[in-house]
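The values are calculated or read from the model by the stated rules, or taken from the named source; none is laboratory data. As the structure is a prediction and not an experimental result, all values here were calculated from the model. Neighbour counts run over all protein chains shown; Cβ positions are idealised from the backbone, glycine included.
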Amino acid sequence: MNLLDRLIHPDERVAIFIDGANLYSAAKGLTFDIDYRKLLEEFKQHGRLVRAYYYTALVEDQDFSPIRPLVDWLDYNGYTLVTKPAKEYTDANGRRRFKGDMDVELTVDLLQAASFIDHAFLFSGDGDFRAAIEAVQRKGVRVSVVSTIKSNPPMASDDIRRAADNFVDLTELANLIGRPPRERNEQRHDYSDEEER
């Protein structure tokens, strides 16, 4: 019996909400990559998977975005993609950076899904989701948060861990949904919303 067997009742309607940049940073901090095919298959084996959402900001004006192949693959392979253009800014060292906060989009979808799901899995450690978690819990939805406190720095805020019905450290799912990291050059994201945690 694996962890998801214990967390998900076979009759539960389940939805997955993935904060793309946050999950990427958590997995990178633990030195493994997420195998999104395995993730989807694992959840399909437990409960009744209604929807798997993936949220990310995209850099529009670049000839090639490192995240574009992943986004295209997810879009064709069972995920509901929610994207918006990333905003450009210059960091303290004068480097060009991109930021894309998807909190509002994820929160709206989570609240709307509360009427047709029993259990939400939120792949994010962002404490800003606490109010959204509490709102869907009041509608009778259980919320399991997947992130990590074993990275340095920890990716899961204390607020989100307290609000969740279950907190699952990403390390506990590594053997189910992980794979060894590819070359870091291929996996690099040119945007980050970590500052907003």
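Residues in the range 15-59 that are in a strand (DSSP E or B), more than 15 Å from the chain's Cα centre (by Cα) and of a type in the set (Val, Ile, Thr): VAL50 only. The residues of the range 38-55 that are buried (at least 19 other Cβ atoms within 10 Å of the Cβ) and either without any contact (Cβ under 8 Å) to a residue 24 or more places away in the chain or not hydrophobic (A, V, I, L, M, F, W, C) (or both), listed by number, are HIS46, GLY47, TYR53, TYR54, TYR55. Would you confirm, using the coordinates I've provided, whether LEU176 is in a helix (DSSP H, G or I) and at pLDDT below 95? In short, yes. Whenever a residue of the range 1-24 is more than 23 Å from LEU74 (Cα to Cα), its partners that are assigned to a helix (DSSP H, G or I), lying with C-beta atoms within less than 7 angstrom and at least six residues away or across chains, give the pairs ASN2/LEU176; LEU3/GLU172. Filtering the range 1-14 to residues that are surrounded by fewer than 24 Cβ atoms within 10 Å (Cβ to Cβ) and in a strand (DSSP E or B) leaves only ARG13. Here ASP109 clears all of (1) in contact with a helix residue (DSSP H, G or I) (Cβ under 9 Å, 6 or more places away or on another chain); (2) at pLDDT 95 or above except the condition numbered (1).
Check whether at least one residue in the range 93-113 is over 26 Å from ALA131 (Cβ atoms), hydrophobic (A, V, I, L, M, F, W, C) and either assigned to a helix (DSSP H, G or I) or free of Cβ contacts under 8 Å to residues at least 40 places away in the same chain (or both), and report yes or no.
No, there is no match, as no residue in the range 93-113 is over 26 Å from ALA131 (Cβ atoms), hydrophobic (A, V, I, L, M, F, W, C) and either assigned to a helix (DSSP H, G or I) or free of Cβ contacts under 8 Å to residues at least 40 places away in the same chain (or both).
Residues of the range 87-118 that are more than 22 Å from ILE8 (Cα to Cα) and among the aromatic types (Phe, Trp, Tyr): TYR89, PHE98. How many of the residues in the range 64-81 are at pLDDT below 90 and loosely packed, with under 15 Cβ neighbours inside 10 Å? Here the count works out to 3. The set of residues from the range 130-161 being touching a strand residue (DSSP E or B) at 6+ places or on another chain (Cβ under 8 Å) and in a helix (DSSP H, G or I) comprises ILE133, VAL136, GLN137, ILE160, ARG161. Screening ASP35, ASP103 for residues that are under 22 Å from ALA156 (Cα atoms), surrounded by fewer than 18 Cβ atoms within 10 Å (Cβ to Cβ), in contact with a strand residue (DSSP E or B) (Cβ under 6 Å, 6 or more places away or on another chain) and not hydrophobic (A, V, I, L, M, F, W, C) leaves exactly one candidate, ASP35.
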